[in-house]
Amino acid sequence: MARPGVVLPILQNWSCHNCGGCCREHQIVITAEEKTRIDKHQWTAADGVTDDRPLIVVHGSDFRLNHQADGACVFLDDHGLCRIHSKFGEAAKPLACRAYPYAVHPAGNSVTVSLRFSCPSVVQNLGEAVTQQRQTLEQLAREIVPSNYQALMPPRLSTLKQLVTWPDVMLLLAFVERGLSVGNVSFVTRLLRVLTWIDLLEKVPPETIIGDQLKNLLPVLHEASVRAQPDDDLPLVQPTGFGSTMFRQLVAQLLRHDTDMTARSGFMGRIRLLSDGIRFTLGRGRIPIMADPISVRIAFSGRSAIVPESAPASLATMPTFAQLEHEFGGRNPEFDELFVRYFRVKLQGLHFCGRACYDMPFIDGFQSLALMYPATLWVARMRAARNGRQTISLPDVQAALATLDHNFGYSPALGMPSAKKRVQQLATMQQVSALCSWYSR
Ligand code: SF4
């Protein structure tokens with residue numbers, strides 16, 4: 001069987017800038033072969049690795065790289081570099097380390113490549129164009145997708161409907177991507193239009209959404225959505241109390257950062273997480289302190305820190321939930337560029353539905369992705385307000401997206417049936433659009 005072609009995201013750059021954040025924030029699962037290889041390296045304290053704990057631990061049925069006392073991977077050195085890489089070269093590192101921040105997924109007869117915006121270099125679009133890295137990525141795709149790979153079934157269109165072919169999925173993807181990228185209106189208007197016609201698509205008879213009929217239907221739906229929202233003069237619809245509560249719960253789950261350090265925080269750590277969750281659900285008083293992930297702190301320190309290193313972390317200095325409901329100037333061409341890039345990478349990489357995202361159907365997955373827009377702007381508001389500003393800046397938005405995308409598609413909590421149901425409820429009650437519009441102000 002011919003190897004599937006590899007589809008790369010356009011518009012996106014990336015190179016590693018050695019911040020070392022990913023080596024502190026992820027649990028690295030390794031294969032039995034990788035364990036054998038690392039064992040054969042015969043690491044000792046003379047190599048600088050810690051000798052007070054095993055380098056590899058067993059977790060359930062997995063092998064994982066252990067962490068140092070400060071939470072860093074046992075192989076991370078004081079300069080933020082990987083000792084395996086330094087001593088044996090890049091190819092000797094575990095596949096999980098070599099792949100990050102790329103995410104590779106089979107899609108029909110091709111393999112798509114997406115990126116995780118939790119990496120500060122991805123969110124800031126720093127480094128070499130991804131399209132220039134084809135050879136490396138094709139090699140990576142060969143390692144991740146085996147040669148005897150059987151094409152997966154396409155994601156369903158919605159929980160109620162079956163999408164029959166991969167070509168129809170690709171047609172829909174192209175149409176969504178075009179809708180978000182093209183037009184003399186702001187990103188939020190384009191997003192609301194797509195949400196409108198996606199909603200209409202869910203309501204049409206199933207036989208209309210196949211092949212040529214789908215091809216003819218999509219322009220009609222798009223036209224209807226443009227008529228419904230012809231320009232950037234968006235109606236000011238405040239999310240309902242129910243919608244706001246569901247949204248804050250989503251943001252709390254997206255913000256939650258489970259690292260080796262939090263796993264070690266024990267009973268008191270779990271109580272704190274519970275109390276933070278209750279605060280987010282109630283939405284009253286001050287927002288709990290949510291410390292930045294290390295990579296975000298390194299990349300954005302001084303420009304948009306939630307808890308600046310110069311100031312002690314104190315709840316009294318955090319903004320209130322109510323403070324974040326004012327206007328913060330979210331409609332800005334610089335932010336739009338970031339969101340267009342983010343959405344296009346996730347769409348082209350099929351990184352929002354199906355296998356890559358909790359087996360969510362296409363429509364639910366897209367609505368879930370759409371919620372990343374208000375969630376990011378909400379967290380950006382929190383960062384700005386924490387620093388005494390009433391307008392969000394590009395570093396606020398970049399740092400917020402880097403923080404939240406760590407969990408999108410990866411946090412087990414977001415794949416639970418209750419979390420999937422929440423997306424459906426928000427969409428059914430027109431709250432996805434309301435939240436996008438409200439927090440774009
Ligand atoms: S093995 Fe190397 S690249 Fe992988 S997490 Fe550890 S230090 Fe980072």
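The values are calculated or read from the model by the stated rules, or taken from the named source; none is laboratory data. A quick note: this is a predicted structure, and the numbers were derived from the prediction, not measured. For neighbour counting, all protein chains shown are included, and Cβ atoms are generated from backbone atoms with ideal geometry for every residue, glycine included. To get the accessible areas, we keep the full protein, side chains included, count just its heavy atoms, and leave off ligands, DNA and RNA. Shrake-Rupley method; radii C 1.70, N 1.55, O 1.52, S 1.80 Å.
Only one residue in Ala356, Ala400, Ala385 is under 27 Å from Arg286 (Cα atoms) and open to solvent by 10 Å² or more (accessible area, probe 1.4 Å). Which one? When all the criteria are applied, what remains is Ala385.
Would you kindly identify the strands (runs of 3 or more DSSP E) lying entirely within the range 5-120 that contain at least 3 residues that are within 22 Å of the chain's Cα centre (by Cα)? Step through it out loud before you land on a result.
Working: elements: 5-7, 56-59, 62-65, 102-107, 110-115.
Here the list reads 102-107, 110-115.
Every residue, every condition in (1) within 17 Å of Ser411 (Cβ to Cβ); (2) aliphatic (A, V, I, L, M), yes or no:
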{"residue": "Val194", "(1), (2)": "no, yes"}
{"residue": "Leu200", "(1), (2)": "no, yes"}
{"residue": "Asp258", "(1), (2)": "yes, no"}
{"residue": "Leu273", "(1), (2)": "yes, yes"}
{"residue": "Arg279", "(1), (2)": "no, no"}
{"residue": "Arg286", "(1), (2)": "no, no"}
{"residue": "Ile298", "(1), (2)": "no, yes"}
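In the range 219-239, of all residues being open to solvent by 60 Å² or more (accessible area, probe 1.4 Å) and β-branched (Val, Ile, Thr), the one that is nearest to Leu180 (Cα to Cα) corresponds to Val220.
As a summary of the residue check, Pro120 satisfies the conditions (1) within 16 Å of the ligand (Cβ to nearest atom); (2) in contact with a Ser or Thr (Cβ under 6 Å, 6 or more places away or on another chain); (3) open to solvent by 20 Å² or more (accessible area, probe 1.4 Å) except for the one numbered (3).
Please work out if Thr165 is open to solvent by 20 Å² or more (accessible area, probe 1.4 Å), over 21 Å from Tyr358 (Cβ atoms), at pLDDT 90 or above and of a type in the set (Val, Ile, Thr).
Against the criterion (open to solvent by 20 Å² or more (accessible area, probe 1.4 Å), over 21 Å from Tyr358 (Cβ atoms), at pLDDT 90 or above and of a type in the set (Val, Ile, Thr)), Thr165 does not qualify.
Only one of the numbered conditions (1) more than 20 Å from Ser121 (Cα to Cα); (2) among the aliphatic types (A, V, I, L, M); (3) modelled with pLDDT under 95 is violated by Leu65, and that is (3).
Hey, among the residues in the range 421-441 that are of a type in the set (Lys, Arg) and more than 17 Å from Asp336 (Cβ to Cβ), which one's surrounded by the most Cβ atoms within 10 Å (Cβ to Cβ)?
This residue is Arg422.
The residues of the range 67-78 that are within 11 Å of the ligand (Cβ to nearest atom) and surrounded by fewer than 19 Cβ atoms within 10 Å (Cβ to Cβ), listed by number, are Gln68, Asp77. If you go through the range 82-107 and keep only what is out of contact with any strand residue (DSSP E or B) (no Cβ under 9 Å at 6 or more places or on another chain) and near the ligand (Cβ under 7 Å from one of its atoms), you end up with Ile84, His85. Scanning the range 315-323 for residues that are of a type outside the set (Ser, Thr, Tyr), modelled with pLDDT of 85 or more and not in a loop (DSSP other than H, G, I, E, B) turns up at least one hit.
Could you go through the range 189-197 and let me know if any residue there is under 19 Å from Ser433 (Cβ atoms), buried (at least 19 other Cβ atoms within 10 Å of the Cβ), at pLDDT 95 or above and out of contact with any helix residue (DSSP H, G or I) (no Cβ under 6 Å at 6 or more places or on another chain). Taking every residue of the range 189-197 in turn, at least one turns out to be under 19 Å from Ser433 (Cβ atoms), buried (at least 19 other Cβ atoms within 10 Å of the Cβ), at pLDDT 95 or above and out of contact with any helix residue (DSSP H, G or I) (no Cβ under 6 Å at 6 or more places or on another chain). Just one of the listed residues (Leu126, Leu137, Leu157) is of a type outside the set (Val, Ile, Thr), open to solvent by 20 Å² or more (accessible area, probe 1.4 Å), away from the ligand (no atom under 12 Å from the Cβ) and over 17 Å from Ile30 (Cβ atoms), namely Leu126.
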